[in-house]
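Worksheet for the structure shown next.
The values are calculated or read from the model by the stated rules, or taken from the named source; none is laboratory data. No experiment lies behind these values; they were computed from the predicted model shown. Reconstructed Cβ throughout: ideal geometry from the backbone, glycine too, with neighbour counts over all protein chains shown. Surface accessibility is based on the protein's heavy atoms, side chains included, excluding ligands, DNA and RNA. Shrake-Rupley method; radii C 1.70, N 1.55, O 1.52, S 1.80 Å.
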Amino acid sequence: MRLVIQRVSQARVEIDGKVHGSIGSGLMILAGIEESDGKEDTEWLAKKCANLRIFDDENGVMNRSLLETGGDILLVSQFTLHAMTAKGNRPSYIRAAKPQTAIPVYNEFIAALERWLNKKIATGIFGADMKVTLTNDGPVTIIIDSKIRE
């Protein structure tokens, strides 16, 4: 499972011209799921997201986590994070999980994040055409892959 995590001052996702999910300060997370992803990936990534120390402390140093700041999460599924671009100019998405595999993993990731944060998170709708708007704070953008874990 691959995540693009952005520290934001605000973010929202619109579907069919209506706001489906929105947050103030927190993390905007784009999640790409592979066929081999499962509970181990979702649990590891949820813990990592909740504890990632990328929020400023009183000295302006990135030393606080989402758990410490009380910030929110907006999670949006994005199969294009597994694009393969080595050949030609048209990306291949063969590594991205098919919906029958990806949807349960996506739902488990939502549940794991909510357990770690002890609150509901905002989401998009899996497979929908979504418009995402955000203000990247910093900017701070981090990529995490549960298979690489670096």
- Task: Give the span of segment 1-49's Cα atoms along each principal axis, as three whole-Å numbers ordered largest to smallest.
- Result: 34, 24, 14
- Message: Going by Cα centres, segment 38-108 and segment 131-150 are how many Å apart?
- Response: 7 Å
- Accessible area per residue, Å², the chain with all protein chains present, probe 1.4 Å: 55 Å²
- Could you state the angle between the C-alpha long axis of helix 39-51 and the longest principal axis of the C-alpha atoms of the chain, as a value from 0 to 90 degrees rounded to the nearest 10? 30 degrees
- Query: If you line up the long axis of helix 99-117 against the longest principal axis of the chain, both from Cα atoms, how many degrees apart are they, to the nearest 10?
  - Reply: 10 degrees
- Message: Test of understanding: extend the Cα→C-beta vector of Ala128 to 7 Å, then name every residue of segment 29-64 with backbone N under 19 Å from that spot.
- Response: 29-33
- Query: Restricting to lysine pairs 8 or more places apart or on different chains, what number in the chain have Cα atoms under 22 Å apart?
  - Reply: 18
- Calculated from DSSP H runs of 4 or more alone, at -39500 (n - 2.57) each and per residue, what is the 222 nm mean residue ellipticity of the chain, nearest 500? -7500 deg cm²/dmol
- Beyond 18 Å, the calculated P(r) of the chain holds a percent of Cα-Cα pairs equal to 57 percent
- So how far apart, in nm, are the two label points at Ile103 and Val61 if each is 7 Å from Cα heading toward Cβ? 4.7 nm
- Message: What distance in nm separates the two pseudo spin-label positions at Ser9 and Glu150, each 7 Å out from Cα along the beta-carbon direction?
- Response: 3.2 nm
- Query: Farthest toward the dipole's positive end in the chain, which of Pro91, Val8, Ala128, given Cβ charges of +1 (Lys, Arg) and -1 (Asp, Glu) about the Cα centre?
  - Reply: Pro91
- Task: Rank these by accessible area, largest first, 1.4 Å probe: Leu134, Leu52.
- Result: Leu134, Leu52
